[in-house]
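This report refers to the structure that appears directly beneath it.
The values are calculated or read from the model by the stated rules, or taken from the named source; none is laboratory data. This structure is a prediction, so every number in the text was calculated from the model and none was measured. FYI the Cβ positions are ideal-geometry reconstructions off the backbone, even for glycines, and counts take in every protein chain you see. These accessible areas exclude ligands, DNA and RNA; they are computed on the full protein's heavy atoms, side chains included. Shrake-Rupley method; radii C 1.70, N 1.55, O 1.52, S 1.80 Å.
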Amino acid sequence: MEAGNSPRFPMDIDDPSTNEVDQAVRRALNLTVWNSIRPVAFALAILYGLFAIGHIFLLPPDINTLMASLAGGTAILLFLLVVFIRRIPFSERLTYPLAFVILALASLNSLLHLFLTGDILQTTNLILVVFGIGYFILSTPWFLITLLTTLFSWGIFVTQLDHPAHVMHFGIALFSAALVSFIFHLVRKRSLQENERLRLYTESQRGEVEQALQLSEQSQARFKSLSEATFEGIVIHEKGTVLDVNDACAHIFGYLPAEIVGRNVLEFVSQDDRERATNYLLQGFEEPYEIKGLRKDGLSIPIQITARKIVHQSKEMRVVVIRDLTEIKAAEESRDRFFNLSIDMLCIAGFDGYFKHISPAFERILGYVDQEILAHPFIEFVHQDDREATQEQIRLLATGSDLFAFENRFQTKDGSYKWILWNATAFMEAGLIYAIGRDITKQKDDLLALQEREERLHAILNTAVDGIITIDERGIIQSFNPAAAAIFGYQEDDVIGENVHILMPEPYHSAHDGYVSGYMATREPKIIGKGREVQGIRKNGEIFPLALAVSNVELPGRTLFTGIVRDITERKRAEEALDVARERLQKEIDLAAHIQTSILPRELPELQGFEFAARTLPARYLSGDFYDFIALDQDTCQIVVGDIAGKGVPAALMTLSTKTLIKNESTLLRSVPGILEEINKHQYQDLSRAELFVTLILVRINNQVGEFWYASAGHGEALLWRNLENEFAEIPATGLPIGIFDDERYQSEKLAMRPGDIAIIYSDGVTDAVNPDQEHFGIDRFEALIRDCSTLPADDVLDNILESLDDFSLGVEQEDDITIVVVKALPREASFEWPATLESLDRITAKIREQADIYSNDFAYELELACSEVVTNIIEHAYKQKPGNIRLKINLLPDGMQLDFFDDGEAFDISQIPEPDYDSPQEGGYGLSIIQQVADELVYEPHTDRGNHWLLVKYIRGG
Amino acid sequence: MELSFTEDRPKKGIAVLSVEGRLNAVTAGELKDKLKRLVSESVYHIVLELAGVTFIDSSGLSAIVSGLKSVREHAGSLKLVGLSPTTKRVFELTRLDRILEFYQDVEEAIANAVVD
């Protein structure tokens, strides 16, 4: 048999593969013939070789050569065939032609023998050949061809013979032989066919069986290896008794396989589940179910059972597949933990539009209970506007593509919406969508806020009136807003990417790169943070003044500079115009100031017993303060200090009018308050209209009378330094400022200035003077200063004050005008003369009292007492009531008074006057004693060249 | 200048004389005369109320002493009321403050006058 597949042997004749079998059979027969060609050819070759030799001897000489040649030739041919047929592969096509040729050669030999010998008897040879044909050729068509060829050829040859004898006899014999040969052929063929068929059948059967056996073996082997390799336990049991178990199953339960076989399956089920398992078993349940298995060590393990009924050899068995779920369960738990813990919303949804399984994050983020979400199609939770897009995404998922970074809005329980970012993938086989959603509401809000901020920023840049240009650290323009474009005449596109120095004329143009690199190296701000005026150059070449402010922005990795530019061409022009105007104004102010100073009192008053010093310092050019000295008569001086509430030109103008008015109204006939009232009446209208008022203090000093009267219209800035007491006395205002009420009444006060006392009348610019630390000079400092220089003359006091103010203010420009008038009382004297009559007594004592009162009441009384005695004495004893006069010189001293009485009457010897008897009252004689006791110094000088001279000095105690 | 007097006779023999003005050489005589007259009217207890007197010198003093002497002759008294520290000064300087009687108010002086 040739290698190769045996054909599938048909079980019945109707099988379409019958043809195949026939072919195979035919082939087999052909092969038989082919295989017999060689031996036959060999045999015949030897035979004819012998014939060839035999013919030579046995045949008549006229034919023997021919016959021998033929026989020899035949033998040689056949011999060659024998040799060469080995080299030829089996060929069905060649088989019968070769057979034919062999037989033809045989026939030919026989026929030729017959012909040449003319012996019809030779037909017997041919009969042998005919038998050979029948026996040799198994193909019926070829048999017939060969047979008929042979018969026909006999027929032809025979007819060529001369009266052949017994032709019919031999003809029939040949015919019979042919028939027999035919039968021979058929029978042989049939039987060979049958044999072959049977053989093939057997072959195929065997083949099938072998195949089946092989399959079975393979299957067996596979099963074995499967059952060994599988993680799942497999148990086969019959009515509960284990027949077979694989290693895996044994391992699951912790036994050796041998320990399980033969036992009842229920022994391996946990007690609690045995009833259930039994039910399933009896029911023949074939669905997978979970149960608790029982290990050898008593441990209970979760297992999944899938069982199936099989019938084997008419026995009913169950095949059970056991899966150990321990790890799965653990993995599930682990997975569930992830599922439940995840911050993001994990879910499984179906293509039917419902969520199947959602993580707790859903409730956390959306606020619904799980049931609420699962009960509705998920699209219902999606924001109206996002539904179409969401549906589209689901459709895409259905085609198998994954969903990545899809955003939509989900409605929360309270009705608001949250932005959710989704990743999803479809699990087509199960028709499920696995999705994870992240709440990006905050990010969205932040993003929106950021976008809004950017838009706002952009709007600011675009609408800003000032040009805003940003450059990088190389000076390259990064941004250029519309205002900047308008200023420079360039379009934004023209300048972005260019160096900013194209906007600058020289020298900035060349220097700018240096500025930027200098800053980058040293970080020293030269213009950054400070504004500067520079120049810019427009597109058309025009150079113009520019106000520039630069700031820097440090970003990670790079520095940007922002410049805010303003075209100040107009401003500059305006500034120039302003400067011109200012200059002109300044000239006028200077002129006005000149006028104002020119009307200040040129000289200080001269009043016996008083020193004066005065100064006025305007804060700017024109002063709102003023002072004036008006001599009313030679003994009376009026001091005015005024402060217009206000500054500058209006106040200055007011000072002029007020001053003039005061001068006009100041006569001896008017009292000090009266003057103020007049001023107020006259000025009220103007002041009201201008909404100004004036504080004014008027001091009138009469040194003869010793009067110091003042009235102050709201001007509290006056101090009186009392030398004896070493302290300041107040000089309070005695009425409201001028211009407040048009019918204001003023009071006056009398002050006694003892020698050594200093009155300082000033404007509030003194105490309001400020220093660089914004401290005020203040009243305390002022008083301390005056105290320190109280012994100095008025000029020096004034200079000291001015110096001190200067030192204090340290050059700070003052806001308020400063006016200071210093009046210092000096020791002064006054001389009087009266007739020496009793009528004069009161007058004289009154005068003395008046002066003495400036010291103190008690002092004054005692002095009056003493003087009364003196004068009485002079009148009664010196003049003895005769006419004469008494001359008195009063000297005011800083600490007391000296009185010098002069008379021309009789003198007396003071030493001769007895002391009074203190024990018995007398009607007189006490006078001298009183004088002596009161006066600190008493001298009586009779008959001096000025007359009898009483000298009395009394000092004031304590002070 | 003149003095002004106000007289009051609370009881028989007692007079309260209030004086106003300055008591010096000019006016002392007036007081002296007044006191003399009172004594002549048999008023020997005199209360001099001097709160309205602004000045007293030795002349004024002598008028008072004269009055004192007069009433003393008749076993009377002269009491002084209403002197201020200043007007009392002259009495201090002449030590007459030890001899003359000074009272805080008129009632007190009157009461004491009776005791006398």
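Worth pointing out:
- Efficiency of FRET between A:Glu775 and A:Gln535 - r from beta-carbon atoms, R0 41 angstrom, step 0.05: 0.40
- The modelled label-to-label distance between A:Gln491 and A:Glu839, using points 7 Å beyond Cα along the C-beta direction, is 11.7 nm.
- The stretch A:716-815: trypsin sites (Lys or Arg not before Pro) falling in loop per DSSP and having at most 16 other Cβ within 10 Å: A:Arg745
- Percent RCO, i.e. relative contact order, over chain A, from Cα pairs under 8 Å lying at least 6 residues apart: 5
- For the stretch A:454-536, trypsin sites (Lys or Arg not before Pro) are listed when DSSP marks them as loop and at most 14 other Cβ atoms sit within 10 Å of their Cβ; the list is A:Arg474, A:Arg523, A:Lys526, A:Lys530.
- Number of partner chain Cβ atoms within 10 Å, mean per residue of A:856-867: 3
- Label reach from B:Arg98 (point 7 Å along Cα→C-beta): in the stretch B:42-60, amide nitrogens under 20 Å belong to B:58.
- Counts of other chain beta carbons within 10 angstrom of each beta carbon in peptide B:26-34 average 2.
- Surface exposure of the protein assembly as shown, expressed per residue as accessible area with a 1.4 Å probe, stands at 52 Å².
- Start at zero, step by 5 Å, and the Cα-Cα distances of the stretch A:159-232 spread as 4, 11, 9, 8, 8, 7, 7, 6, 6, 5, 5, 4, 4, 3, 3, 3, 2, 2, 1, 0 percent across the bins.
- On Cα atoms only, tilt of A:123-136 relative to the major axis of chain A in degrees: 20
- When each of the peptides A:200-210, A:616-626, A:794-804 is scored by the mean number of other C-beta atoms lying within 10 Å of its residues, the order from highest to lowest reads A:616-626, A:794-804, A:200-210.
- Share of carbon and sulfur in the accessible area of the protein assembly as shown stands at 55%, probe radius 1.4 Å.
- At least 50 Å² accessible surface lost relative to isolated chain, residues of the stretch A:903-927 (1.4 Å probe): A:Tyr918, A:Pro921, A:Glu923, A:Tyr926
- Extended-chain gain in nm, criterion 0.36 nm per residue less alpha-carbon gap, B:Asp33 and B:Glu108: 24.5 nm
- Total accessible area lost when A and B pair, probe 1.4 Å, Å² to nearest 100: 2200
- Listed values for the stretch B:27-37 are Karplus-derived 3J(HN,Hα) couplings in whole Hz (6.51 cos²θ - 1.76 cosθ + 1.60, θ = phi - 60°), namely 10, 4, x, 4, 5, 3, 4, 4, 5, 4, 4, and x replaces Gly and Pro.
- For peptides A:592-605, A:919-932, sequence by mean Cβ density within 10 Å, most packed first: A:919-932, A:592-605
- Spin-label proximity, A:Leu560 to the stretch A:472-493 - amide N less than 13 Å from point 7 Å beyond Cα toward beta carbon: A:472-473, A:476-481
- Exercise: per-residue mean of other protein chain Cβ atoms within 10 Å, A:310-322: 0
- Between A:Ala449 and A:Thr944, the modelled label-to-label distance comes to 10.2 nm, taking each label 7 Å out from Cα in the direction of the beta carbon.
- Geometric descriptor of chain A, per residue, is 518 Å³ (volume of the convex hull of the Cα atoms).
- Dimensionless Rg over Rh [the stretch A:304-437; C-alpha; Kirkwood]: 1.16
- Between 0 and 90°, nearest 10: helix A:508-522 axis offset from chain A longest Cα axis: 80
- With a Förster radius of 51 Å applied to the beta-carbon distance between A:Lys880 and B:Arg9, the computed FRET efficiency rounds to 0.80.
- Förster radius 60 Å - calculated FRET efficiency between A:Glu915 and A:Leu792 (Cβ-Cβ, nearest 0.05): 0.80
- Label-point gap, in nm, between A:Arg263 and A:Lys663 - each point 7 angstrom along Cα→Cβ: 14.2
- Rounded to the nearest 500, the helix-only mean residue ellipticity at 222 nm of chain A stands at -15500 deg cm²/dmol, with each DSSP H run of n ≥ 4 adding -39,500 (n - 2.57).
- The slack between A:Arg308 and A:Leu179, meaning 0.36 nm per residue of separation minus the straight C-alpha distance, is 39.4 nm.
- The stretch A:454-508 - Kirkwood radius from inverse mean 1/r over Cα pairs (Å): 11.5
- Compactness ratio for the stretch A:260-339: Cα radius of gyration over 2.2 N^0.38 Å (N = residue count) comes to 1.25.
- Stretchable slack from A:Arg38 to A:Phe84, in nm (0.36 nm times residue separation minus alpha-carbon distance): 15.6 nm
- Qualifying chymotrypsin sites (Phe, Trp or Tyr not before Pro) for the stretch A:24-102 [loop in DSSP, other Cβ within 10 Å: at most 16]: A:Phe90
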